[in-house]
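What follows is a set of notes on a single structure, which appears directly below.
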Amino acid sequence: MKASTIKELGIVSLVVLCVVLLWQNRSMRDELRQYRTVENFLAAEDRTGAECRTEVGRQDIQDETARRMLRIMAAQKGDARAQLGFALFELGEYPSIQDIDAKREKWLLAAARQGEPECMFALAEFYNQGGALQRAFHWYREGALRNDARCMAMLGQMYLDGSGVKADAAQAEDWFKKAEAAGSGEAKRILEQMKAGE
């Protein structure tokens, strides 16, 4: 190989290396800028959980680690939706966490106690899947009393099956009717089946 060819290859390699380094440096600067943005946002101690959750949606914060920091902060500051999201989605990403179900229950309880039916439904589902039927019944009932159609339908199903509560067909029908009125297609289907079985 000629010396001039080796020299040209060396120059081309050096140029490619410089371009790669410049691109990586730009990418690192963008990440650092996003972390600083999040850090500056969180530095204000009076930020609410809702503000932290809203900040996650900003277009200029694309780094997932920065977004996760904001979601965790929103949950810690008491935002019910962030707590729900943390319990359902974030905890599963940390396999080193021991007693993950206990931690999930803690976050779901914190969210449900703020009175949001969606959070109550998620907590009731958690208990229902874990076999804690009386606790599930309690939280389905709390959600149903706040007009959540899914909670009403599940409450009707629990009365129908006698799960976590004494079986009561009249109560089941009543809750299914309320769920249907609130827009539950499942409740409507079950009511039709109940009428056909009479």
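The values are calculated or read from the model by the stated rules, or taken from the named source; none is laboratory data. For clarity, every value in this text was computed on a predicted model and none was experimentally measured. Note: ideal-geometry Cβ built from the backbone for every residue, glycine included; neighbour counts use all protein chains shown. Accessible surface areas use protein heavy atoms only, side chains included; no ligands, DNA or RNA. Shrake-Rupley method; radii C 1.70, N 1.55, O 1.52, S 1.80 Å.
Assuming residue 85 fulfils every condition listed in (1) open to solvent by less than 50 Å² (accessible area, probe 1.4 Å); (2) modelled with pLDDT under 90; (3) in contact with a Leu (Cβ under 9 Å, 6 or more places away or on another chain) apart from one, which condition is it? Checking residue 85 against (1) open to solvent by less than 50 Å² (accessible area, probe 1.4 Å); (2) modelled with pLDDT under 90; (3) in contact with a Leu (Cβ under 9 Å, 6 or more places away or on another chain), the one that fails is (3). When we screen 176, 121 for residues that are open to solvent by less than 40 Å² (accessible area, probe 1.4 Å) and over 23 Å from residue 75 (Cβ atoms), the only hit is 176.
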